Amino acid sequence: MRSDPPSEATYDGMRLRQWARGAARSAGIERRDLLRLVAAASVAGPLADLAAPAHAAPGAPSPAPGIVKPLPPEVFTVRGTNAETNFAALRSTGLLTPADRFFVRNHTSTPRIDSAAWKLRVWGDALSGPAVEFTYDELRALPSLTRTSFVECAGNARSYYTTQQSQQVSGTAWTLGAIGTARWRGVRLADVLRRAGITGDAVDVLPRGLDDEVISDGINLGRVRRPLPVSKALDDVLLAFEMNGEPLPPDHGHPVRLIVPSWIGVANIKWVGDIEVSAAPLVSPWNTGLYRLFGPGHPPEGSAPLTRQTLKSAFELTPGASFAARRRHVLTGRSWSGGAPVRTVEVSTDGGARWRHARLRDEPRSSSWVRWSADWLPKDRGPAVLLARATDRTGRTQPEVAVHNTQGYLFDAVVRHEVRVV
Ligand SMILES: Nc1nc2c(c(=O)[nH]1)N[C@H]1C(S)=C(S)[C@@H](COP(=O)(O)O)O[C@H]1N2
Ligand SMILES: [Mo]
């Protein structure tokens, strides 16, 4: 008889203790290199690009090396190999983010993969037999379903640790736009794992991308891969091949990616090529030196690997937007939480002195965002600060200050949005 897989909550701490004791197996990297990564993680480095880079002229080729789709400057802010969605560019969109407005987070660059030649290889010591391969057509022939889910980078809103809290963090200087919500069609990872012969010994599942190996500070981290506990892998995870009714575009994982609802972005492995099914707990750079919390306020050896996203709100406005005085305006925005559906959203137009409820425009659902709106009739000319604060069904409310961590993950504090009344 198999013992029950650990619940999502117990998984975290358990894996951390196993890693600390050296009881977890390093998949595709030397333990020594992982230890160097972890040591580096406990020190905050510089933000990659705090100042927004200069935009290329309209019609110029994409300024983000390695991103295939066009990145018009009114829609995207390019940050290194990544492109952030400008929140104002979501105002005209519905619940779902069109693929041509969806943020891109690439560790290296988008590979071009021919679906006819692509195969998914499932292998490992927790299968009852040898490795099993699925072609694209075989995968598409399995029963499929759709799920609406956001994909959000764990570092979304990281720049506010610096601009609002005067704290140093390392990584890409996202504002709030490293998130998008789409309707994904795919097959259940559970169905694929069962067809491949997953046994009761399985504890971790390690999907790996087909994009280039990642070199960071002279260490070759290998291809992007992050262990998923078997309990999550068998729950609501999809191997997705469609985004909003179309085949996945190259930048978002064509031909097949993982969708791991409510979890941090990096769990959603794009361009998946193989999946290891392991009877031993696994570690990779993405659940040891990366995607854990380091710094004062966290255990000296770092927090457990991150799983769910946190709670955030954003106005669909450009920074510094102006509003005519003594006119009625409709402020719009979105709120979301990886913990539970959003329950309420409050808005303040006076820097946080008074709050009122925003109108929710969508039925709150888990792993998705809600659109909201609030009227505003500004009286006095001059600078003003708009705030939005969400509470989710676990009862958690966005705090005033986020707890610092060196890599700036999971910023959850209320963001101060400065505007002008003219
Ligand atoms: N193979 C692969 N998968 C990946 C990544 C990557 O660089 N390579 N980036 C991850 C990160 S950090 C995030 S936040 C999401 C971003 O998904 P998107 O580019 O479709 O918005 O993909 C994840 N999956
Ligand atoms: Mo990410």
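Every number in this text was worked out from the coordinates using simple rules, so none of it is lab data. A quick note: this is a predicted structure, and the numbers were derived from the prediction, not measured. Note that we place each Cβ from the backbone using ideal geometry, even for glycine, and neighbour counts take in every protein chain shown.
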- prompt: Given H placed 1.01 Å from N in the peptide plane, which residues other than close sequence neighbours of VAL203 have an amide H under 5 Å from its amide H?
  reply: SER278, ALA279, ALA280
message: Output needed for segment 311-421: three equivalent-ellipsoid semi-axes, defined as square roots of 5 times the C-alpha gyration tensor eigenvalues, in descending order, whole Å.
response: 24, 17, 11
task: Mind giving me the nanometre distance, one decimal, between the label points for ALA321 and THR108, set 7 Å out from Cα along Cα→Cβ?
output: 4.0
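As a footprinting exposure proxy, order GLU276, GLU30 by other Cβ within 10 Å, with the fewest listed first. It would help to have the intermediate numbers written out before the result.
Numbers: GLU276 22, GLU30 11.
Listed from fewest to most nearby Cβ atoms, that is GLU30, GLU276.
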- line: Computed, not fitted: 222 nm per-residue ellipticity of the chain from DSSP H runs ≥ 4 (each -39500 (n - 2.57)), nearest 500, equal to -3000 deg cm²/dmol
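Between ARG354 and THR10, how high is the FRET efficiency from 1/(1 + (r/R0)^6) when r is the Cβ-Cβ distance and R₀ = 51 Å? Nearest 0.05.
On the way: r = 42 Å, r/R0 = 0.82.
E between ARG354 and THR10, to the nearest 0.05, is 0.75.
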message: Number of Lys pairs in the chain with C-alpha atoms less than 27 angstrom apart, excluding same-chain neighbours closer than eight positions?
response: 7
- request: Would you please state which residues of segment 351-381 a label at ARG420 would reach in this model, taking the label point 7 Å out along Cα→Cβ and a backbone N cut-off of under 15 Å?
  value: 381
Cα-only Debye scattering, the chain: base-10 log of I(q)/I(0) at q = 0.07, 0.11, 0.14 Å⁻¹: -0.33, -0.83, -1.34
- prompt: What FRET efficiency comes out for the pair GLU213/GLU138, r = Cβ-Cβ distance, R0 = 22 Å, nearest 0.05?
  reply: 0.20
field: Amide H contacts under 5 Å for MET243, placed H, 5+ residues apart
entry: ARG185, LEU248
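Could you compute the FRET efficiency for ASP380 and VAL330, with r as their C-beta to C-beta distance and R0 at 22 Å, rounded to 0.05? Please report the intermediate quantities before stating the final value.
On the way: r = 20 Å, r/R0 = 0.89.
Result of the calculation: an efficiency of 0.65.
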field: Amide proton proximity set for VAL283, modelled H, under 5 Å, gap of 5+
entry: ARG25, SER26, ALA27
- prompt: What is the distance, in nm, between label points placed 7 Å from the Cα along the Cα-to-Cβ direction at ASP235 and at GLU363?
  reply: 2.2
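Taking 0.36 nm per residue of sequence separation and subtracting the Cα-Cα distance, how much length would be gained by fully extending the chain between GLU74 and ALA117, in nm to one decimal? If you can, show how the numbers build up before the last one.
On the way: separation 43, 0.36 × 43 = 15.48 nm, distance 3.63 nm.
The span from GLU74 to ALA117 would gain 11.9 nm if fully extended.
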- prompt: So what J values fall out for segment 320-337 if you push phi through Karplus, 6.51 cos²θ - 1.76 cosθ + 1.60 with θ = phi - 60°, rounded to Hz, Gly and Pro as x?
  reply: x, 4, 10, 10, 6, 5, 6, 10, 8, 10, 10, 7, 10, x, 9, 9, 7, 8
